[in-house]
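This report concerns only the one structure given below.
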Amino acid sequence: MYETIPDNPYLLLTPGPLSTSKGVRNALLRDWCTWDADYNTDIVQNIRHRLVEMAASRPHDYTVVMMQGSGSFSIEATLGSVVGIDDKLLIITNGAYGTRMVEMAEILDINHVVYELSETQAPELLHIADLLDQDEDITHVAIVHCETTTGMLNPLERIAREVKAQDRILIVDAMSSFGGIPLDMYELGIDFLVSSSNKCIQGVPGFGFVIAKRSELLRCEGNAHSLCLDLFDQWQTMKGSGKWRYTSPTHCVRAFYQALSELDDEGGIEARHSRYCNNQRILVEGMDDLGYKTLLPRHYQSPIITSFLYLDDDFDFSDFYHAAKKRGFVLYPGKISQADTFRIGTIGDVYPADIERLLDVVDEIS
Ligand SMILES: *Cc1c(COP(=O)(O)O)cnc(C)c1O
């Protein structure tokens, strides 16, 4: 006997896991064996191939390593496998995910320096240039593309240009942007880009993936001080056969494959980006009409997730949250110390009509 689980009672307006389509959830309903070509070749290798095609205009120079666990596992695998014992890492941080990389560097004993900003400040290009100029030992730079803590979109293009001009290796946490914001790793000179199954590709949680410049990944053998989170070793097993070292999350990989097809059907990354931008624009304009101001100025804001300030001193987020949830929308608490905020995500299987319905709900419960 089993209980039939009812369909989603609410939309997740969160940074992930997020609301997925029926097609993606339906793809979870079959079991797969991990040693057979109908999984390894037809699904895993196909996904790896599609991801490099999406990420870089010279796909042959890049490869993909998929890694079990949530997105942070892939970030940790990357930092631990890429930055060698004689290297030095500059981490630029203006939020919780940048700070998580700093924690990882500390625990992994990676030689590193930090350019730390407040959660509402964007990195200064001149300062980055100075840091690199003045410290020749810095070999690698790590930056978060969309800092999901606030919704800030960091100026990746300009930072990448500076890092490349100074000939350093660039690692990008594009967890919450890849698949939802167009970028070209080749054009920008990104060496390692990390994302996961449950963000803008709109799959379910269970694994992360690292898109790597092949020539740089080839230099990472023996760096990792972890058996499981060794990116190079995972790649060696995966590259020819599509096999994972250790159990692979078969159902969620198959769901991701479906999610990639749905991304194609939508019209690819450009089309998805424009849907997310529409969602976010309608949200911000509607919320503004209801008196809710955004934490960030418009030019810092990504289309992924938006931080709103509390309406007034009497605003009770917990009441607001539960009232919205009862009416079909799960919102997200804020994560910063400087101001009282909450967040609303505009990614996932979410459309402008959903945002219009949300605005009616916010109006009703405010
Ligand atoms: C979601 C996210 C991560 C990974 O978080 P997990 O909880 O480990 O999946 C990392 N960086 C950013 C910017 C994210 O949005």
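What the Cα convex hull of the stretch 121-274 gives, in volume per residue, is 137 Å³.
Spin-label model, ILE85/ASP42: points 7 Å from Cα along the beta carbon direction are separated by 4.6 nm. Using the basic label-point model (7 angstrom from Cα toward the beta carbon), what is the SER366 to ALA129 distance in nanometres? My value for the distance between the label points is 4.3 nm.
In a fully extended conformation the segment linking GLU157 and HIS299 would gain 49.7 nm over its present Cα-Cα distance, using 0.36 nm per residue.
Note on ASN278/SER318: beta-carbon distance plugged into 1/(1 + (r/R0)^6) with R0 of 22 Å gives a FRET efficiency of 0.15. Here ASN223 and ASP167 are evaluated by their C-beta separation; at R0 = 22 Å the FRET efficiency comes out at 0.65. In this rough spin-label picture, where each label sits 7 Å from Cα along the Cβ direction, the ASP31-TYR186 distance is 4.3 nm.
In plain terms, the chain is cut at each of the GluC sites (Glu not before Pro) found in a DSSP loop with at most 16 other Cβ atoms within 10 Å, and the longest leftover piece is 222-366.
For SER177, the residues whose amide H sits under 5 Å from its own are CYS146, ignoring neighbours fewer than 5 places away on the same chain, with H placed 1.01 Å from N. Legend: residue pairs LYS199/LYS243; LYS88/LYS243; LYS164/LYS199; LYS199/LYS325, Cα-Cα distance threshold 26 Å; pairs beyond threshold, LYS88/LYS243; LYS164/LYS199. If the segment from SER261 to ASP7 were pulled out straight at 0.36 nm per residue, it would be longer than the present Cα-Cα gap by 89.2 nm. Across the options GLY95, LEU358, TRP235, the greatest Cα extent toward the positive end of the charge dipole of the chain (unit charges at beta carbon of Lys, Arg, Asp, Glu) belongs to TRP235. When nucleic acids and ligands are ignored and a 1.4 Å probe is applied, PHE342 ends up with an accessible area of around 0 Å².
For the chain, count the residues as N, evaluate 2.2 N^0.38 Å, and divide the Cα radius of gyration by that value, please.
Taking N as the residue count of the chain, the ratio is 0.99.
Got a sec? Which residues in the stretch 181-223 would a label at SER57 touch, if it sits 7 Å along Cα→Cβ and we count backbone N under 12 Å? Flagged as within label range: 183-189.
The values are calculated or read from the model by the stated rules, or taken from the named source; none is laboratory data. Just so it is clear, the structure is predicted and the values come from calculations on it, not from any experiment. Because the Cβ atoms are built from the backbone with ideal geometry, glycine has one as well, and the counts that use them run over all protein chains shown. For the accessible areas, the whole protein counts, side chains as well, though only heavy atoms, and no ligand, DNA or RNA atoms are used. Shrake-Rupley method; radii C 1.70, N 1.55, O 1.52, S 1.80 Å.
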